[in-house]
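Please read the structure below before turning to the comments.
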Amino acid sequence: MNKLPRKDSPQPAAETACGTSQGKRPHPWFWIPTLYFISGLPNVTVMTVSVILYKALGISNTEIAFYTGWLYLPWVIKPFWSPFVDIIRSKRWWIVVMQWCIGLSLAGVAFLLPTSVFFSATLAMFWLMAFASATHDIAADGFYMLALSEFQQSYFVGIRSTFYRLSTLFAQGALVSLAGWLEVRTGDVPLAWMLVIGLMSLIFCGAAIYHQIVLPRPAADKGLPDRTARDIVREFADSFRTFFTKPGIGMALAFMFLYRLPEAQLVKMINPFLLDPVDKGGLGLSTLQIGITYGTVGIIGLITGGILGGIVAAMGGLKRCIRPMAWSMSLTCLTFVLLSQLDSPSILLIDVCVFVEQFGYGFGFTAYMLYLIYFSEGKYATSHYAICTGFMALGLMLPGMAAGWLQEHLGYQNFFIWTIICCVATIAVASMVKIDPSFGIKKRK
């Protein structure tokens, strides 16, 4: 999600960037939290909420994993159209329009859920939402750099990350819990999810209206009429050429693809495992119980692990922390091996295992994001970081698409053991990748 400013482009001063006096423009606290909260909702909807939704509506694990995996494609290929967001209209315009598009796409999902062709029709709506969300991410990250001074960019980077994570809490916790409660109250699963997805649609439409009013209008935020599409494409082609000729590109790509291999498969099957009845190898939890578990202890573990990971990385540098973080990312898969072996684990034990798994993921993911930043350094830092995030999304998409098929052939117990075997790849690439020992360590004056 986070993009880096190009190192060859000077940052505008606060007044120039915003184009208005300090007293007249909206304070960043009025729009940064809401902008990045809204940015995170479509991602968690594609990765998690859609899986729970389709599972509740009786879709098989193979179909869920394969088709929802395709929903991640727009984030994979977004580097290919990101240059045109720079030259066509302002980033402020893109943000507001894409929020309307996401809201209307979710409205389409809500209206199509009660139909006989709900699966294919809602997938199409989710895909349009994902495309609009990927474009929104491009515009939001660019707007962040144009609307804030260098000091403000540094000051608010933690704030934007926090509210991005809080959107996960809201969607995976509050909204899923609401859907589970409505399922019980109404006895109608499609109606329950129709109401919840409709609520999400209203949230996005409200956000579009709010941001149309409150977002500042930086003088630098405008299209580039003096640069043609051909000029942008030529520059972008050069950024691709320089990316794929960087020293160590082969090992870097292996790291981007394989570091998250266990997680990419695990994340698609965790909720089906929790929802499936005991006679099918699952734990038989309700949608409401999953919402409460992941919306409380799961998010606490994720945020705690992420904060601790940032502190550890700042103290020791990326090179020293990447291996223990890879082990953390890997060994927490054992929690689901344990749960799959037990007959009737208590809710307390499930909560503890979810906390440990999410903590380990939050802690271990820090190394991954830091490495993407490290490998993106250079003249085309922004473009190279976008390419890295595209490969990150591809590394999640492809294994995730096959996860359902694997689980249905192996069963839950053997599937979770398979994810542990895949952890060998995570630890191996973390051990072999080359990193400057000084990267990530604060230099003393």
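The values are calculated or read from the model by the stated rules, or taken from the named source; none is laboratory data. From a predicted model like this one, the values you see are computed outputs, not experimental measurements. Please note: Cβ atoms are built from the backbone with ideal geometry, for glycine as well, and neighbour counts cover all protein chains shown. Accessible surface areas use protein heavy atoms only, side chains included; no ligands, DNA or RNA. Shrake-Rupley method; radii C 1.70, N 1.55, O 1.52, S 1.80 Å.
Structure notes:
- Residues of the stretch 56-94 classified as open to solvent by less than 40 Å² (accessible area, probe 1.4 Å), within 18 Å of Ala132 (Cβ to Cβ), in contact with a Leu (Cβ under 7 Å, 6 or more places away or on another chain) and not basic (Lys, Arg), total: 2
- From the options Leu166, Leu202, residue that is closer than 15 Å to Thr45 by Cβ, at pLDDT below 90, touching a Gly at 6+ places or on another chain (Cβ under 8 Å) and surrounded by fewer than 19 Cβ atoms within 10 Å (Cβ to Cβ): Leu166
- Options Gly378, Gly390, Gly411; residue that is modelled with pLDDT under 90 and open to solvent by 20 Å² or more (accessible area, probe 1.4 Å): Gly378
- Positions within the stretch 174-193 being over 25 Å from the mean Cα position of the chain (by Cα), within 15 Å of Gly58 (Cα to Cα) and assigned to a helix (DSSP H, G or I), in sequence order: Glu183, Val189, Pro190, Leu191, Ala192
- Helices (runs of 4 or more DSSP H) wholly inside the stretch 56-127 containing at least 3 residues that are β-branched (Val, Ile, Thr): 61-70, 91-112
- Filtering the stretch 340-366 to residues that are among the β-branched types (Val, Ile, Thr), closer than 25 Å to Leu285 by Cβ and either open to solvent by 20 Å² or more (accessible area, probe 1.4 Å) or touching a strand residue (DSSP E or B) at 6+ places or on another chain (Cβ under 6 Å) (or both) leaves Ile347, Val352, Val356.
- Hey, Asp436 of a type in the set (Asp, Glu), more than 27 Å from Leu71 (Cβ to Cβ), open to solvent by 20 Å² or more (accessible area, probe 1.4 Å) and at pLDDT 90 or above or not: no
- Residues (aromatic (Phe, Trp, Tyr), farther than 14 Å from Ser133 by Cα and part of a helix (DSSP H, G or I)) located in the stretch 26-55: Trp29, Phe30, Tyr54
- Where a residue in the stretch 390-416 is in contact (Cβ under 8 Å) with a residue 60 or more places away in the chain and its partner, wherever it lies, is of a type in the set (Lys, Arg) and buried (at least 20 other Cβ atoms within 10 Å of the Cβ), with Cβ under 7 Å and at least six apart: Gly390/Lys78; Gly395/Arg260; Leu396/Arg260; Gly400/Lys268; Ala403/Lys268; Gly404/Lys268
- Taken over the stretch 334-351, the residue count meeting the criterion of being among the hydrophobic types (A, V, I, L, M, F, W, C), without any contact (Cβ under 8 Å) to a residue 40 or more places away in the chain and under 26 Å from Ala430 (Cβ atoms) is 1.
- Evaluation of Leu41 against (1) at pLDDT below 90; (2) open to solvent by less than 10 Å² (accessible area, probe 1.4 Å); (3) under 22 Å from Gly390 (Cα atoms) (one fails), failing number: (1)
- Selection from the stretch 307-339 of residues that are open to solvent by less than 10 Å² (accessible area, probe 1.4 Å) and aromatic (Phe, Trp, Tyr): Phe336
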